[in-house]
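Asker: After the structure tokens below, expect a handful of questions from me.
The values are calculated or read from the model by the stated rules, or taken from the named source; none is laboratory data. Every value quoted in this text rests on a predicted model; they were computed, and no experiment measured them. As a convention, Cβ positions derive from the backbone with ideal geometry for all residues, glycine included, and neighbour counts pool all protein chains shown.
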Amino acid sequence: MKPEFQRRVQRYGWDKAVDYYEPSWKRQLKPAQDKLLKMLTLKKGEKVLETAAGTGLVTTRIAKAVGTEGEVVATDLSDEMIERTRSRAKEQDITNVKFHRMDAESLEFEKESFDAAINSFGLMYVPDPVKALQEMNRVLKPGGRAGVAVWGKRKNCGWNEVFSIVDERVASDVCPLFFQQGTGDTLKKSLQRAGFTNISVDRFQVPLYYEDDETALMAVFSGGPVALAYRKFDEKTVEAVHREYLESIKPYRNEKGYHIPGEFVVAKGFK
Ligand SMILES: C[S@@+](CC[C@H](N)C(=O)[O-])C[C@H]1O[C@@H](n2cnc3c(N)ncnc32)[C@H](O)[C@@H]1O
């Protein structure tokens, strides 16, 4: 897929996903976001960049960690996501965050401007993940640290069939590199290629709970990267993709709902 096309699919897809994202993923991603923030040990007064900030689930936590003497700059490719982060911060009376719609691969900041940089579950969507990491490296001060969270290996993420189910019905793959960084030691190598040293990586499994068919379907079709393609499906196609996806996650269902296997990889590196 051409990078420019991939960016458009992501930008407008995430605009559509904004209302469904938190009901679908807030609880499920929290263990990885907790680990990421713990790894980074943010301090009061630090200036932190976040790329692919989404609805601001991590942003407001960073803002609290660095305190009013510190600052967070939250960026995302999607206008709707950035607006949601802005309103989340406002609701919580958080005043130390700046917001910019910006591509993670071309950051419009001076070099050596930040103490830390974070990308939580955004690297799977950029056309060139190493470039996005290089950009994080460029804007970090010497000795600054970066933290990244991605999904793990495809076979350890029980919801992965959604991509082939959707890709079969659209002209080009929606997320061609989705599981790339979380497979083997790819993320570590990407951080090294981007100039980071002293890299630590943690891979762990967490089941993703959905109480019923409806919430499990909403998470993958409306709350994430395939939202743009899904919105264009006619009624018959929607029925078919729902049926196929539910069939693919049937092994993870019991009377209490779905517990779908999920694997996360979180990593830290220093400039
Ligand atoms: C799964 S959400 C992650 C949101 C948040 N960081 C979190 O942990 O909840 C992925 C985000 O990546 C953003 N994104 C996708 N491609 C991007 C790019 N090239 N540059 C910046 N953000 C991008 C999307 O708009 C979306 O908000």
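Asker: For the stretch 46-63, indicate whether the set of residues that are in contact with a strand residue (DSSP E or B) (Cβ under 8 Å, 6 or more places away or on another chain), touching a residue at least 40 places away in the same chain (Cβ under 8 Å) and surrounded by fewer than 19 Cβ atoms within 10 Å (Cβ to Cβ) is non-empty.
Answerer: Within the stretch 46-63, one or more residues are in contact with a strand residue (DSSP E or B) (Cβ under 8 Å, 6 or more places away or on another chain), touching a residue at least 40 places away in the same chain (Cβ under 8 Å) and surrounded by fewer than 19 Cβ atoms within 10 Å (Cβ to Cβ).
Asker: Can you work out which of the residues in the stretch 13-57 that are among the aromatic types (Phe, Trp, Tyr) and in contact with a Ser or Thr (Cβ under 8 Å, 6 or more places away or on another chain) is farthest from Leu217 (Cα to Cα)? Break it down into steps so the answer makes sense when it comes.
Answerer: In the first step, residues of the stretch 13-57 are kept if they are among the aromatic types (Phe, Trp, Tyr); the result is 14, 20-21, 25.
Next cut, in contact with a Ser or Thr (Cβ under 8 Å, 6 or more places away or on another chain) only: 14, 20-21.
Values: Trp14: 17, Tyr20: 11, Tyr21: 12 Å.
Ranking the candidates gives Trp14 first.
Asker: Looking at Lys30, Lys44, Lys38, can you tell me which residue is closer than 23 Å to Ala267 by Cα, more than 12 Å from the ligand (Cβ to nearest atom) and assigned to a helix (DSSP H, G or I)?
Answerer: On the way: Lys30 fails: more than 12 Å from the ligand (Cβ to nearest atom); Lys44 fails: assigned to a helix (DSSP H, G or I).
Just one listed residue meets the conditions, Lys38.
Asker: Oh, and also: Regarding the stretch 23-32, can at least one residue be identified that is of a type in the set (Phe, Trp, Tyr) and surrounded by fewer than 17 Cβ atoms within 10 Å (Cβ to Cβ)?
Answerer: First pass over the stretch 23-32, keeping only residues of a type in the set (Phe, Trp, Tyr): 25.
Among the residues that remain, those that are also surrounded by fewer than 17 Cβ atoms within 10 Å (Cβ to Cβ) are: none.
For the stretch 23-32, residues of a type in the set (Phe, Trp, Tyr) and surrounded by fewer than 17 Cβ atoms within 10 Å (Cβ to Cβ): absent.
Asker: Something else about it: I'd like to verify a number: residues in the stretch 68-96 that are assigned to a strand (DSSP E or B), free of Cβ contacts under 8 Å to residues at least 40 places away in the same chain and in contact with a helix residue (DSSP H, G or I) (Cβ under 7 Å, 6 or more places away or on another chain), how many?
Answerer: The qualifying residues number 2.
Asker: Taking Glu112 as the residue in question, decide whether it is within 14 Å of the ligand (Cβ to nearest atom), closer than 20 Å to Glu71 by Cα and surrounded by fewer than 24 Cβ atoms within 10 Å (Cβ to Cβ). Let's see the steps before the verdict.
Answerer: On the way: within 14 Å of the ligand (Cβ to nearest atom): no; closer than 20 Å to Glu71 by Cα: yes; surrounded by fewer than 24 Cβ atoms within 10 Å (Cβ to Cβ): yes.
Against the criterion (within 14 Å of the ligand (Cβ to nearest atom), closer than 20 Å to Glu71 by Cα and surrounded by fewer than 24 Cβ atoms within 10 Å (Cβ to Cβ)), Glu112 does not qualify.
Asker: Yes or no: the stretch 87-107 includes at least one residue that is of a type in the set (D, E, K, R), more than 11 Å from the ligand (Cβ to nearest atom) and in contact with a strand residue (DSSP E or B) (Cβ under 8 Å, 6 or more places away or on another chain).
Answerer: Yes; the residues of the stretch 87-107 include at least one that is of a type in the set (D, E, K, R), more than 11 Å from the ligand (Cβ to nearest atom) and in contact with a strand residue (DSSP E or B) (Cβ under 8 Å, 6 or more places away or on another chain).
Asker: Continuing with this model, one more query. For the stretch 122-168, give me each residue that is of a type in the set (D, E, K, R) and assigned to a loop (DSSP other than H, G, I, E, B).
Answerer: Result: Asp128, Lys153, Glu168.
Asker: So, of the residues in the stretch 234-260 that are within 24 Å of Lys30 (Cβ to Cβ) and touching a helix residue (DSSP H, G or I) at 6+ places or on another chain (Cβ under 6 Å), which turns out to be surrounded by the fewest Cβ atoms within 10 Å (Cβ to Cβ)?
Answerer: Top of the filtered list is His259.
Asker: Identify the residue in the stretch 1-17 that is within 8 Å of the ligand (Cβ to nearest atom) and hydrophobic (A, V, I, L, M, F, W, C) and, among all such residues, is nearest to Leu107 (Cα to Cα).
Answerer: Taking the candidates together, the pick is Trp14.
Asker: Further question: Quick one: how many residues across the stretch 128-164 are farther than 21 Å from Leu57 by Cβ, of a type in the set (Gly, Ala, Ser) and at pLDDT 95 or above?
Answerer: Of the residues in the stretch 128-164, 3 are farther than 21 Å from Leu57 by Cβ, of a type in the set (Gly, Ala, Ser) and at pLDDT 95 or above.
Asker: One residue is enough: does the stretch 49-72 have a residue meeting the conditions in contact with a His (Cβ under 8 Å, 6 or more places away or on another chain) and at pLDDT 95 or above?
Answerer: Just the residues of the stretch 49-72 that are in contact with a His (Cβ under 8 Å, 6 or more places away or on another chain), to begin with: none.
No, that holds for no residue.
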